[in-house]
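These notes concern the structure reproduced below.
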Amino acid sequence: MPLLLAASCKKDKLADELSKLPPATQTGANTFGCLVNGKAWVPQGGCFLCPSVLKFYYYNDNKGEFSISATRKSGSIHEFVSLGVTHITQKKEYQFPLDTLKGGCSFLDFQLQTSCGNFNSRQLGTTLSGTIRFTKRDLNVGILSGIFDLQIAKPNCGTITLTNGRFDAKL
């Protein structure tokens, strides 16, 4: 019986964290969220030098370049997530690792004053795996929406997991 209770508590904890994320919409709601190592992460706060906590960028040339920059600042927490992919020419799933010219991901924890506070998939030795799926790509109305699950591993620092991720951008 204890095994069932442990599994039930784990499911309840996951459901609780997922309930803190914005819904996975496709309306151009300008939302972003994911679980970072199992904990809900959504942009919030801001500061004098960084008034916008969420930015989407899309450049529709032959590369279809898309990126997200999100900041979370609350009390002693100050973190940053960025995600970028190029060659987005259709609504589909893209598998990481991509070469550095096609995409990347970063997670920065400004509290940590060591190199382990900076996970950047373009740093030597750091690896990125996972997927990003574009669920809506309607450039006529300027909406790009999707979901993602990623892992960034850095030697001697461990792994950051970004799961159950979702974004809904009005470009």
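The values are calculated or read from the model by the stated rules, or taken from the named source; none is laboratory data. Predicted model only: the values in this text are computed from it and were never measured. Because the Cβ atoms are built from the backbone with ideal geometry, glycine has one as well, and the counts that use them run over all protein chains shown.
Observations
- Scanning the range 107-127 for residues that are part of a strand (DSSP E or B), closer than 14 Å to G158 by Cβ and without any contact (Cβ under 8 Å) to a residue 40 or more places away in the chain gives D109, N118, T127.
Conditions tested, residue by residue: (1) farther than 21 Å from P43 by Cα; (2) touching a Cys at 6+ places or on another chain (Cβ under 7 Å); (3) surrounded by 14 or more Cβ atoms within 10 Å (Cβ to Cβ).
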residue: F80; (1), (2), (3): no, no, yes
residue: K92; (1), (2), (3): yes, no, no
residue: L108; (1), (2), (3): no, no, yes
residue: G117; (1), (2), (3): no, no, yes
residue: T126; (1), (2), (3): yes, no, yes
residue: R137; (1), (2), (3): yes, no, yes
residue: P155; (1), (2), (3): yes, no, no
residue: D168; (1), (2), (3): no, no, yes
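- Comparison of F107, F96 shows that the only residue that is in contact with an Asp or Glu (Cβ under 8 Å, 6 or more places away or on another chain) and over 25 Å from T27 (Cβ atoms) is F107.
- Within the option set I160, I132, I88, I152, being among the aliphatic types (A, V, I, L, M), closer than 17 Å to Y58 by Cβ and either out of contact with any Gly (no Cβ under 6 Å at 6 or more places or on another chain) or assigned to a strand (DSSP E or B) (or both) holds for one residue only, I132.
- When restricted to residues that are over 15 Å from the mean Cα position of the chain (by Cα), crowded, with 18+ Cβ neighbours inside 10 Å and in a strand (DSSP E or B), the range 63-78 contains 0.
- The set of residues in the range 63-100 being free of Cβ contacts under 8 Å to residues at least 12 places away in the same chain and farther than 23 Å from L21 by Cα consists of D99 alone.
- For the range 2-30, taking the residues that are hydroxyl-bearing (S, T, Y) and in a helix (DSSP H, G or I), the one that is modelled with the highest pLDDT is identified as S19.
- Some residue of the range 140-163 being touching a residue at least 60 places away in the same chain (Cβ under 8 Å), closer than 22 Å to T31 by Cβ and touching a helix residue (DSSP H, G or I) at 6+ places or on another chain (Cβ under 9 Å): no
- For N37, the criteria (1) modelled with pLDDT of 95 or more; (2) within 24 Å of I143 (Cβ to Cβ); (3) loosely packed, with under 13 Cβ neighbours inside 10 Å hold in every case but one, which is (2).
- Checked against the criteria, V53 does not count as in contact with a strand residue (DSSP E or B) (Cβ under 7 Å, 6 or more places away or on another chain) and modelled with pLDDT of 95 or more.
- Residue in the range 94-106 that is modelled with the lowest pLDDT, counting only those that are surrounded by fewer than 12 Cβ atoms within 10 Å (Cβ to Cβ) and not polar (S, T, N, Q): L101
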